[in-house]
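Below: the structure, in structure tokens.
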Amino acid sequence: MLKPAYAAPHPLAGGKVQLTVFDRAAIDTYVPIVLAYPAPAPSNEALKEGLLRAIAPYPHLLGRFALDGHGRRVLNLNNEGVLVIETDVPADLADVLAAGGMATDVAGFYPTVPEESVGPALLQVKLGRYRCGGLLLGVICHHHISDGHAASTFYGAWATAVREGKGFSVPSPFIDRAATAVPRSTPKPVFDHRSIEFKGGEGSGSSQPHAVLPMDKIRNITVHFPAEFIAELRSRVGARCSTFQCLLAHVWKKATAARGLDLEEFTQVRVAVNCRGRANPPVPMDFFGNMVLWAFPRLQVRDVLGLSYGGVVGAIRDAAARIDEEYIQSYVDFGGVADANGEELAATSTFGTMLCPDIEVDSWLGFRFHQLDFGTGPPSAFLPPGLPVEGLMVFVPSRTVEGSVDLFMALAEDHVAAFKRICYSLDILPSRM
């Protein structure tokens, strides 16, 4: 177990921190990433030394979950450390990647996800050293500690600490979690957050109650969208739009068509929205924690399939715009009321959920792999973990081609062949699909 030796106790050391309402909306699990570094990869000692320097300003990652007197989960900032596992693998990294690469089961490449959250390390690292000198770096971090934006910032700080050496001082992030979720003196939630962000009621959290699909019926697929294809998508939109928006519109169309949904049915997308800059007052972008809510663009199937790309992008953009300072404050007020009442809140996403006719999307498009250069070059491959929710997808910038994007998506096995057949088609009308 690695623990930084502080010259003086961290100001938060020994304290217990309540999870915010943003933390509790995140899925209750560890989020894994696996990165491949060919020889000459950084040494294990350099990685561990850099990790100790990088993590010192992040006391939440060094703590453990505990339970308060009401049985609710809290963060115990006890500096128990980070679990680091080192293994030697009698194989060449290139052969392992060639044998399966992004299609292989990568669960053995990162630490085993603990069955219980209270007690185990919240950040765990596995350094798989291959006989060629290559490295598979597998990391798991609990989602109640950080969202994707915060986690990627920390991983980038770790890489910089290794690359720059002992003279590098890791910048301290903003870590005042309580400041991100301050209810009004008289809380006034005006939206149905119990149904939208959490389980319960018949609100906008889904188009219909979600079924449970056996995990062995969920297939994870990878689709590479070249930069030229994305440029053509943008031109079809006919207005200024982001790569994320045009790709989401496209995949929503194709997933809807592949599922063979009834034209009168409604389908929606759960879109992660970073609330740091949308809150009033804004929260610093270097805040380490969770501060994500979701927008829910919703259309009838006939409109998803029949509208122009510009029309679908417009629906996505309008839904995201509704996550404004008023909505965020309403959500924070809702959390304050729930805390005052001692109410448990359960996030909507669970393993084996079948989102069909809906989908859920996360984006890592703001992340750049060069930020994960530990001193011997950026990773040669990103190996996605299995996505446990049917209809869940993630956009990741291509590791190999600038401007291209890789889509990782979980679909019911009955819909995979149809999706792969049409995923590069730019036709719009259902009759052309």
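Read-outs: derived from the displayed coordinates by stated rules, not from any lab. In this text the structure is predicted, and so the values were computed from the model without any measurement. Cβ sites come from the backbone with ideal geometry, for glycine too, and all protein chains shown count toward neighbours.
Under a Cβ-Cβ cut-off of 12 Å, what is the net charge of the residues other than Arg298 that fall near it, where Lys and Arg count +1 and Asp and Glu count -1?
On the way: positive: Arg270, Arg322; negative: Glu265, Asp303, Asp318, Asp358.
Around Arg298, the charge tally is -2.
When the charge dipole of the chain is built from unit charges on Cβ atoms (+1 for Lys and Arg, -1 for Asp and Glu) and taken about the Cα centre, the candidate among Tyr37, Ile85, Val271 whose Cα reaches farthest toward its positive end is Tyr37. Give the distance, in whole Å, between the Cα centre of region 239-296 and the Cα centre of region 153-181. The two parts, judged by their Cα centres, are 27 Å apart.
If you place +1 on the Cβ of every Lys and Arg, -1 on the Cβ of every Asp and Glu, and leave all else neutral, what size is the dipole of the chain about its Cα centre, to the nearest 20 Debye?
Working: 38 positive and 45 negative charges, 127 e Å.
Result for the chain is approximately 600 debye, rounded to the nearest 20.
Seen from Asp333, the other residues with C-beta closer than 9 Å to its C-beta sum to a net charge of +2, counting Lys and Arg as +1 and Asp and Glu as -1. A crude spin-label estimate for the pair Phe174 and Asp92, with each label 7 Å from Cα along the Cβ direction, gives 4.9 nm. Qualifying GluC sites (Glu not before Pro) in region 75-181, where qualification requires a DSSP coil assignment and no more than 16 other C-beta atoms within 10 Å, comprise Glu80, Glu115, Glu116.
Relative contact order of the chain, taken over Cα pairs closer than 8 Å and 6 or more residues apart, is 22 percent.
Are there any helices in the chain, counted as whole DSSP H runs, that stretch 27 Å or more along their axis by Cα and score at least -1.0 on average by Kyte-Doolittle, and if so which? Could you put the intermediate results ahead of the total?
Working: long enough: none.
Once both thresholds are applied, nothing remains.
Taken along the Cα-to-beta-carbon direction at a fixed 7 Å, the label points for Lys16 and Arg131 span 5.1 nm.
Between Lys420 and Ser117, the simple spin-label model (points 7 angstrom out along Cα→Cβ) gives 3.5 nm. A Gaussian network model of the chain, with springs between Cα atoms under 10 Å, assigns the largest mean-square fluctuation among Ser43, Ser185, Ser169 to Ser185.
To the nearest 0.05, what FRET efficiency results for Ala211 and Glu264 with a Förster distance of 25 Å applied to their C-beta separation?
Values: r = 19 Å, r/R0 = 0.77.
Here the calculated transfer efficiency is 0.85.
Using helices alone, I'd like the mean residue ellipticity at 222 nm for the chain: each DSSP H run of four-plus residues gives -39500 (n - 2.57), total over residue count, nearest 500. Helices in the chain give a 222 nm mean residue ellipticity of -8500 deg cm²/dmol.
Basic side chains Lys and Arg get +1 at the Cβ, acidic Asp and Glu get -1 at the Cβ, and with that the dipole of region 16-179 about its Cα centre reaches some 380 debye.
Which whole-number percent is the relative contact order of region 16-179 (Cα, under 8 Å, 6+ apart)?
Working: 280 pairs, mean separation 58.6, N = 164.
So the answer I get is 36 percent.
Among residues other than Ala347 with Cβ under 13 Å from its Cβ, the summed charge is -1 (Lys and Arg +1, Asp and Glu -1). Name the residue from Val118, Leu305, Val283 whose Cα lies farthest towards the positive end of the charge dipole of the chain, charges +1 on Cβ of Lys and Arg and -1 on Cβ of Asp and Glu. Working it through, the farthest residue towards the positive pole turns out to be Val283.
Given contacts defined as C-alpha pairs under 8 Å and at least six residues apart, what's the relative contact order of region 222-380, whole-number percent?
Numbers: 168 pairs, mean separation 42.5, N = 159.
Relative CO of region 222-380 lands at 27 percent.
The count of lysine pairs in the chain with alpha-carbon distances below 22 Å, taking only pairs 8 or more places apart or on different chains, stands at 11. Take each peptide in 289-296, 235-242, 377-384, count the other Cβ atoms within 10 Å of every residue, and average; sorted highest first, the result is 289-296, 377-384, 235-242. Since only Ser398, Leu293, Leu383 are under comparison, the one whose Cα sits farthest along the positive direction of the charge dipole of region 193-432, derived from C-beta charges on Lys, Arg, Asp and Glu, is Ser398.
Remark: region 67-72, residue by residue, has Karplus-estimated 3J(HN,Hα) of 10, 7, x, 9, x, 9 Hz, where x stands for each Gly or Pro and the curve is 6.51 cos²θ - 1.76 cosθ + 1.60 at θ = phi - 60°.
Applying a DSSP loop filter and a limit of 16 other Cβ atoms within 10 Å to the trypsin sites (Lys or Arg not before Pro) in region 51-91 leaves Arg72. The charge dipole of region 193-432, taken about its Cα centre with unit charges on the Cβ atoms of Lys, Arg (+1), Asp and Glu (-1) only, comes to about 760 debye. For the chain, evaluate the Debye formula with one uniform point scatterer on each Cα (no solvent term) and list log10 I(q)/I(0) at q = 0.09, 0.10, 0.14 Å⁻¹, rounded to two decimals. Per q value, in the given order, log10 I(q)/I(0) is -0.59, -0.73, -1.43.
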